[in-house]
1. Leaving out same-chain residues fewer than 8 places away, which lysines sit with a Cα under 24 Å from that of residue 97?
2. Restricting attention to the chain, give the cysteines that have no other cysteine Cβ less than 4.7 angstrom from their Cβ.
3. Please give the calculated 222 nm ellipticity per residue for the chain, where each DSSP H segment of at least 4 residues contributes -39500 (n - 2.57) and the sum is spread over every residue; nearest 500 deg cm²/dmol?
4. Here are a few candidate values for mean projected area of the Cα convex hull in nm²: (i) 11.7; (ii) 19.0; (iii) 14.2. Which one was actually calculated from the structure I just gave you?
5. Would you kindly state how much longer the chain becomes between residue 189 and residue 99 on full extension, computed as 0.36 nm times their sequence separation minus their alpha carbon distance, in nm to one decimal?
6. So which lysines can residue 197 reach, going by Cα to Cα under 16 Å and dropping same-chain residues fewer than 8 places off?
7. Let me check against my output: what whole-number percent is the relative contact order of the chain, with C-alpha pairs under 8 Å and at least 6 apart?
8. Students often check this: by mean Cβ neighbours within 10 Å, which of 15-27, 73-85 ranks highest, and how do the rest follow?
Amino acid sequence: VLVSREMKKRGIKEMKAGKVKEYCGGLVWLKEPGVYENVAYLDFQSMYPSIIKEWNISPETVDVDGGEVIEVEGVRHTILRDKKGVIPQIVEDFLSKRLELKKKLKELKGSERIRVDAQQHALKVLINAMYGYMGWSGATYYNRGAAELIASLARHYIKKVRDELKEMGCDVIYIDTDGIQFTGCDVEKVADKINEKYPLTIEIEYVAEKAAFW
């Protein structure tokens, strides 16, 4: 409803772009089953929404006349970059509002804290749903190419970060769409170095003394 309302405000009519068929999603990879020690989890916060915002990916900006050609992970599409799309605008507004609520949480207690926490979590769900909306054939503004491009960029970035970790002497154990688990290097320097190079917010979520993979 939110997307349809904003589209109509801009005079953008219902669209169904691209055939209804499968496309390659996020990267999932495991080095080998086993138990590992001192495993750090590197989390890409709001990875898909950040890609949507950074690349201006929206149903009305992908695979339309006048777009910039983007080729990544064997996928080729065009994106209009000169005017912000509806979904990138919604994502940006929601990310900003969620950040404000998370800052506010630190000052609250009791029932008020529970209420605000529920609000920021609801925004998180809505933000993360934007990628799925574009790739859902039943959506009023379906654009298979947009969803495919987001997933391709996600794979591209996570592979780049994997390579950065290897160059730093890390041993990458597991990759799951928007997170990497690794061991064997200076954890404190990892997030800062990677955040300097890529348009994503990445942080060390935790370090586990032991981790089992199967």
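Bear in mind these aren't lab numbers, they're just calculated from the coordinates by the rules spelled out. Here the structure is a predicted model, which is why all the values come from computation and not from measurement. All Cβ positions, even for glycine, are placed from backbone atoms using ideal geometry, and neighbour counts span all protein chains on display.
1. Partners within reach: 8, 9, 53, 83, 84, 106, 109, 124.
2. For the chain, the answer is 24, because their Cβ atoms have no other cysteine Cβ under 4.7 Å.
3. -15000 deg cm²/dmol
4. (iii)
5. Contour length minus Cα-Cα distance gives 30.0 nm.
6. 159, 160, 166, 189
7. Across the chain, relative contact order equals 38 percent.
8. Packing order, densest peptide first, comes out as 73-85, 15-27.
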